[in-house]
1. Can you bin every Cα-Cα distance in the chain into 5 Å intervals starting at zero and give me the percent of pairs per bin, rounded to whole numbers?
2. Ranked highest first by the average count of other Cβ atoms within 10 Å around their residues, in what order do 104-116, 195-207 fall?
3. So for region 179-254, Kirkwood radius off the Cα pairs, Stokes-Einstein at 10 °C and 1.306 mPa s: how many µm² s⁻¹?
4. Measure nothing fancy, just the Cα-based angle from helix 74-83's long axis to the longest principal axis of the chain, in degrees from 0 to 90, nearest 10.
5. Run the accessible area of the chain with a 1.4 Å probe and give the carbon-and-sulfur part as a rounded percent.
6. Give me the accessible area of residue 156, 1.4 Å probe, in Å² rounded to the nearest 10.
7. Springs between alpha-carbon pairs under 10 angstrom, Gaussian network model over the chain: which of 61, 119, 30 fluctuates most?
8. Taking the solvent-accessible surface of protein heavy atoms with a 1.4 Å probe, what is the per residue accessible area of the chain in Å²?
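The values are calculated or read from the model by the stated rules, or taken from the named source; none is laboratory data. This structure is a prediction, so every number in the text was calculated from the model and none was measured. With ideal geometry, Cβ positions are generated from the backbone for all residues, glycine too; neighbour counts draw on all protein chains shown. When the accessible area is computed, the model is the full protein with side chains, heavy atoms only, and any ligands, DNA or RNA have been set aside. Shrake-Rupley method; radii C 1.70, N 1.55, O 1.52, S 1.80 Å.
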Amino acid sequence: MLKNLFGEWLGSNRARGAAAVPVGRRVYAIGDVHGRLDLLNRLLEAVFEDDSGRGAAQTTIVFLGDFVDRGPSSKEVIDHLLGRDWHGRQVIRLKGNHEEIFLLALAGDLEAVRLWLRIGGEETMRSYGTSPGLLDHGGLLDIVEDFVPRVPDAHISFLNGLQDMAVIGDYCFVHAGVSPGVPIDRQKPADLRWIRSRFLDYEGSYGAVVIHGHSISAEVESLHNRIGIDTGAYATGKLTAVGLERDRRWFLAT
């Protein structure tokens, strides 16, 4: 049923190496949404249906960050996350590099705004009502002065309240990855949100299995030391989640 309704069903498997979450807990991690409210709604319905079908557990949903930019509905994604009924499930929201730049733009950092406009910030500004004409022809200061008052206080609080990391059992959840050779509890926020090749290419242990987004792959990257679930939702239409219970893991995707 899930395959027919929600697209690719990647199945379940027993994780080699016995990484596990504590008994009685069930965890779902969701990859980079990037302004695709349509896909977020579909995936959350699939997650809720899957969770309900597996019996009683203490369920946690972890969002890996990059809620905004590139897709058309960044404002609406945040509105949805603030207003949704989670039916008693714990929700953890992590900060991605795009939320970091969003906050710098709100603080009036014009260099951050310049970068943001190149990596999807224009779509976010449009979702809040800044006009295409101003974005195409206005100066950076004019754009900032128009955009910043459009962002509700509740959204600013949402962005400021995002976490850097979550650790549950043998799994560490971050946006981008971790720095090899550095203990999990000593990681720098910049690495957690921006790291790429040093993390992706490392074949050793991080001290936990790292579940991350940030680096797009056509399919889930399920390795012994990390699981990458950014499947490029804004461009591909495929938003992915991993489910974890005891030493089992399975995947859902739109």
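1. Percent of Cα pairs in each bin: 1, 6, 14, 18, 19, 16, 12, 7, 4, 2, 1, 0.
2. Going from most to least packed, we get 104-116, 195-207.
3. On the way: Rh = 13.4 Å.
Answer from the Stokes-Einstein relation: 119 µm²/s.
4. Around 60 degrees separate the two axes.
5. After summing per-atom areas, the C and S share lands at 49 percent.
6. 50
7. Of the options given, 119 has the highest mean-square fluctuation.
8. Working: 10850 Å² over 254 residues.
Computed with neighbouring chains in place, this is 43 Å² per residue.
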